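Notes follow once the structure below has been shown.
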Amino acid sequence: RQLFCGGVSGARGRRAQMKFIVISAAALVLGGLAAETSQCVANNCNTKGLGLFQTKTKLTQLESSASAVASIQQHVATYMTKIKQKSDDVLGSGFADVARYVEEMAARDAGHNYTMTTAERLAFQTIETMMNEMRKHFDDMHGTTQGNIDNSTKAIKLCTSEAKVDMDEVATKKSDMEVSRSDHSQCRNQEVVDYDDKTKTCNAWDVFRQDHDNNKKWDGLNNMKINTGETAAKLEMENHILKTFPWLSKLHDTLKECKQKTDIYANKTEICKESQGKFEKTFCSYAGKVNNVCREQDVCRNNSIRMRNSVHRSAEITEAAIKADFKAGQKISCFLNVLKTKTSFENCKNFSANASNYSFTYHDIPAPTACDRESTQPCDSTWTSKEYSSQPWHSKVQMKTCDPCGSKSTAPGAPTSTTTTRLDVSFENMPIESLDLDATKLKHYRGGFHDGAYGYVVGGKSSIVRFELTSFNTQTLFVKDDVGIDITWGSQCLFTDGTHGFALQGGPYNQEASFKVVRFGLPNIDQVTKPLEIMPEATKLKDSVFGKATTYECRLGFAHKEHIFVHCRGYMVRFPKNSFDSTAAPVVETFVWPDAYESEKNQKQSYWVMNCGNTGFIAQRRAFSFELDNFGKYGKSDWIYPQESTSGACNDEYGFSVIDTGSPYQGRKFVRWPLSDVSKQKRIGLDENNALKGKVPGRPGFAATVTDGTFGYALPGRDFQGNYWTASGPNYHMARFNISDFTAETTDIIDLSKRNKSWTYFYHGFVAGSFVYMVPRGHTDLLRFPLVK
């Protein structure tokens, strides 16, 4: 084993493979012997049986090798700095190699009487100091890492404890709801009693008044002349009255009692309707709270568990490194002690330090607080069957129209689209965040909605991407790769009823399409139903209207109360939401756009549809309203033409649309109308000589529309300079307009190219909490910005 006198290249090769601590140790022990090695080789020295430093050279030269010691001290100083900075790269620094190296030195010195020089002693002391500091560093790191492990578990427990506190409020709301349910049921039971009393009493009245003898008596009275002046006639009349008075009295009392019972029943009915409304309201309050608590606990736990697992994985690596380095360090100290004190080499050779003190305590994942979601809500068929139609009193009472949770049929726990939390900054200077979806390896994103905790968008042909709203980072991205259908490219191909998500397969324009719909769970998007086939009925309608040669895609949809509405070019389809829970073919309703909408069959098409409470709106060049509950009944319509309106939205009062294409013959305006009358339009011009021309250069198109209830947002699409179908380039401009005021003066424009040149063409958007989210089309930057004043 020619470590020192076995050749220069061999010694240098050995040293070159070691980290700086090995180099330090080599320099420490050998000092200035590199120059001596060639002399040793030239003299053909034989070191067999000699001690570590017993060569034929003068060892006193090591004492004058100040540069070697300085080099050692520099390396050790660097190492010590890392320790003091608690740098993680201190671990795994090659101590095992150092231990083997020092072991060889100690083995060569074992049994030989050699006194270390001053320089050697100083160098060894420096290494010992470093070993002591390393042990302190290990202790600190162990304490810090164990603290991280404990805290990661505490974070999960905190989610649980917070949910437990919230569940106390849930229990209160549930108790209020159950009291309201009981009150309503008792009221309806009394209504049945009042109904039966009314029915019995009024039936008695009907029997009594319709009796033949009673009718003869009534006829006799009618034949009497109450104002007669003839003595005989008067006497007959008076005697007849006296004779029929008991009958008249009973007739009066029976009728009076019927009227009284009818009034009692009617009054009770009104009281019970109020009780029904209170019950539905308290149920929505309870269901909203419990679903929010469950969702928030899930989000909190998922994030905390993910962090806990990451901490555990890191801790396991740290533990193994600390133990390995600690054992190597202890062995180094032992062999250095052999060199210093001439203690037993064999004891060190077989020595293995006990590193159990550096073991970590890992904790199991704490159980969550029990939280049972409400899967149904007032007005759902399942809910109304359980709470109303299956009750024994239902057939004898008068129910009021059921009120769904929220003004726009939002599900329990789902947030509304309007918020009052706004950042005090201008629209132009507002911060914009980007979530890069490139990690999903998908393209062509579209659609989008949220459930209060997560956002959902379509990616690729058949994938759904979920991301966490709060953290808004790539670590929370989750992809459901295949939902069983090729999801259409429509902007509203993805939507929710608050409890489930829905995706459409409607096929591209002018191609044969398979009209299918899937339902998936929230937030567990892995729970996907078998595709529901809707196309046969829709195809039958399409063939009768447009002919078999043409297929118009069905690519936009929304949920309202008990139904799914799907918008096709030229007609609307509606089917029950519970169709996904049945093996029977869905009951599909359809209706064709009215003739007044477009004069030619091939123009019976539109680009967007929107749900505005109980009213729907459809538009392209012309807009018209239709009733959601009274399917097939449509209201007023009016031209938005000559512009091609390709996106729209609404708040509680108004509907509005923006323009996408930019051909010269088209109008360049934002358009707004009252929900009650689409013909009463107000416009903001983008054309020449209009107020926004200076703010929006070129002929920008806007691909999507979003509203927070107060403001509307027109998201950038393409820029059009000439040909109807040809975009000359990207549009980077995004507009915000006040829906109530709707003037150019209060419309703000922001140029996104000043932030990032790739921020253009956003195919969809939605508002969640205090943020607007923008879904990209031709790139991977999902943006969000805060609502601002």
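The values are calculated or read from the model by the stated rules, or taken from the named source; none is laboratory data. Since the structure is predicted, the reported quantities are computational estimates derived from the model, not experimental observations. Every residue, glycine among them, receives a Cβ derived from its backbone with ideal geometry; neighbour counts consider all protein chains shown. Heads up: the accessible areas ignore ligands, DNA and RNA and are worked out on the full protein's heavy atoms, side chains in. Shrake-Rupley method; radii C 1.70, N 1.55, O 1.52, S 1.80 Å.
Residue-by-condition table, conditions (1) out of contact with any Gly (no Cβ under 8 Å at 6 or more places or on another chain); (2) within 30 Å of Cys202 (Cα to Cα):
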{"site": "Cys258", "(1), (2)": "yes, yes"}
{"site": "Cys272", "(1), (2)": "yes, yes"}
{"site": "Tyr286", "(1), (2)": "yes, no"}
{"site": "Asn291", "(1), (2)": "no, no"}
Filtering the stretch 455-478 down to residues that are farther than 25 Å from Lys516 by Cα and either in contact with a Lys or Arg (Cβ under 6 Å, 6 or more places away or on another chain) or open to solvent by 10 Å² or more (accessible area, probe 1.4 Å) (or both) yields Leu469, Thr470, Ser471, Phe472, Asn473, Thr474, Gln475, Thr476, Leu477
Residues that are basic (Lys, Arg), buried (at least 17 other Cβ atoms within 10 Å of the Cβ) and within 27 Å of the chain's Cα centre (by Cα): does the stretch 272-285 have at least one? no
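Can you give me the number of residues within the stretch 760-789 that are among the hydroxyl-bearing types (Ser, Thr, Tyr), under 18 Å from the mean Cα position of the chain (by Cα) and open to solvent by less than 20 Å² (accessible area, probe 1.4 Å)?
Of the residues in that region, 1 qualify.
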How many residues of the stretch 139-195 are in contact with a Cys (Cβ under 8 Å, 6 or more places away or on another chain) and charged (D, E, K, R)? The answer is 3
Residue hits (the stretch 340-352; open to solvent by 10 Å² or more (accessible area, probe 1.4 Å) and not polar (S, T, N, Q)) are Lys340, Lys342, Phe345, Glu346, Lys349, Phe351
Determine whether the stretch 357-365 contains at least one residue that is open to solvent by 50 Å² or more (accessible area, probe 1.4 Å), part of a loop (DSSP other than H, G, I, E, B), charged (D, E, K, R) and without any contact (Cβ under 8 Å) to a residue 12 or more places away in the chain. yes
Listed by first then second residue, the pairs whose first member lies in the stretch 311-329 and is over 21 Å from Ile127 (Cβ atoms), whose partner is among the aromatic types (Phe, Trp, Tyr) and open to solvent by less than 60 Å² (accessible area, probe 1.4 Å), with beta carbons under 7 Å and at least 6 positions apart or on separate chains, are Ala315/Phe360; Glu319/Tyr358; Glu319/Phe360
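Could you please find all residues in the stretch 429-441 being crowded, with 19+ Cβ neighbours inside 10 Å and within 21 Å of Gly717 (Cα to Cα)?
Leu435, Leu437
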The condition from (1) within 30 Å of the chain's Cα centre (by Cα); (2) open to solvent by 30 Å² or more (accessible area, probe 1.4 Å) that Met177 misses is numbered (2)
Just one of (1) small (Gly, Ala, Ser); (2) over 30 Å from Phe208 (Cβ atoms); (3) open to solvent by less than 50 Å² (accessible area, probe 1.4 Å) trips up Ala233, so point out which. (2)
Please go through the stretch 293-331 and pick out each residue that is open to solvent by 50 Å² or more (accessible area, probe 1.4 Å), at pLDDT 85 or above and hydrophobic (A, V, I, L, M, F, W, C). Ile317, Ala320
Might you check whether a residue that is open to solvent by less than 10 Å² (accessible area, probe 1.4 Å), under 21 Å from Leu556 (Cα atoms), at pLDDT 85 or above and not charged (D, E, K, R) occurs anywhere in the stretch 620-636? yes
Quick test of your reading of the structure: Thr661 fulfils all but one of (1) touching a strand residue (DSSP E or B) at 6+ places or on another chain (Cβ under 8 Å); (2) modelled with pLDDT of 70 or more; (3) open to solvent by less than 40 Å² (accessible area, probe 1.4 Å). Name the failing condition by number. (2)
